[in-house]
Amino acid sequence: MGQLFFKKPLQLAIREGRKRTTIRRWPRERPGVRTGQRVFSPGLGWLLIDAVEAVDLAILGDDDARADGFESAAGLRQILASLYPDHESDGRAWFRVNFSVERLRPLATADAPTQPGLF
């Protein structure tokens with residue numbers, strides 16, 4: 001089971017739909033998650049990985065930053081530099097992960113048939 005961890009302020013942005021991507025640093029040959037994977041995020045629940053792609057941090061723009069829950073690309077780069085202080089010499093690559101929060105289906109109503117084990 002894969003996991004993605006987010007700091008509490010970012011969890012709020014995810015819940016509010018303001019954060020749909022995350023930028024992570026992983027070995028070039030092996031990103032930490034893959035497209036189509038279901039991962040657990042403590043404090044949020046299950047996330048579905050919609051896409052994973054290597055990115056050049058220097059060319060990310062403000063639209064990319066807003067999808068990541070930040071107001072500007074400069075602000076995003078500043079946070080990433082603080083989260084990954086050795087990024088220039090760690091031999092890893094930047095990856096953008098697009099994700100969606102899995103929602104449970106609504107509870108069955110009196111009209112709808114139910115089957116044990118289904119939600």
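The values are calculated or read from the model by the stated rules, or taken from the named source; none is laboratory data. Predicted, not measured: the structure shown is a model, and the values here were computed from it. Neighbour counts run over all protein chains shown; Cβ positions are idealised from the backbone, glycine included. For the accessible areas, the whole protein counts, side chains as well, though only heavy atoms, and no ligand, DNA or RNA atoms are used. Shrake-Rupley method; radii C 1.70, N 1.55, O 1.52, S 1.80 Å.
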Exercise for review: Determine whether D64 is open to solvent by 40 Å² or more (accessible area, probe 1.4 Å), of a type in the set (D, E, K, R), in contact (Cβ under 8 Å) with a residue 40 or more places away in the chain and in a helix (DSSP H, G or I).
Suggested key: yes
Check your understanding: Which one is most open to solvent (accessible area, probe 1.4 Å), of the residues in segment 83-99 that are small (G, A, S) and modelled with pLDDT under 95?
Key -> S89
Practice item. Being of a type outside the set (A, V, I, L, M) and open to solvent by less than 60 Å² (accessible area, probe 1.4 Å) is the filter; apply it to segment 67-82 and report the residue that is nearest to R18 (Cα to Cα). Key: G69
Review point. Open to solvent by less than 40 Å² (accessible area, probe 1.4 Å) and touching a His at 6+ places or on another chain (Cβ under 8 Å) - does that describe any residue in segment 4-11?
Key: no
Point to revise | In segment 12-23, residue farthest from the chain's Cα centre (by Cα) [restricted to those that are closer than 12 Å to L47 by Cα and assigned to a helix (DSSP H, G or I)] | key: R15
Study note, to complete from the structure: Per the list (1) under 21 Å from A73 (Cβ atoms); (2) exposed (fewer than 13 other Cβ atoms within 10 Å of the Cβ), residue check on I14 breaks on (2)
Revision key, fill the gap. With criteria (1) exposed (fewer than 15 other Cβ atoms within 10 Å of the Cβ); (2) on the phi > 0 side of the Ramachandran plot; (3) among the small types (G, A, S); (4) in contact with a helix residue (DSSP H, G or I) (Cβ under 8 Å, 6 or more places away or on another chain), G45 comes up short on (4)
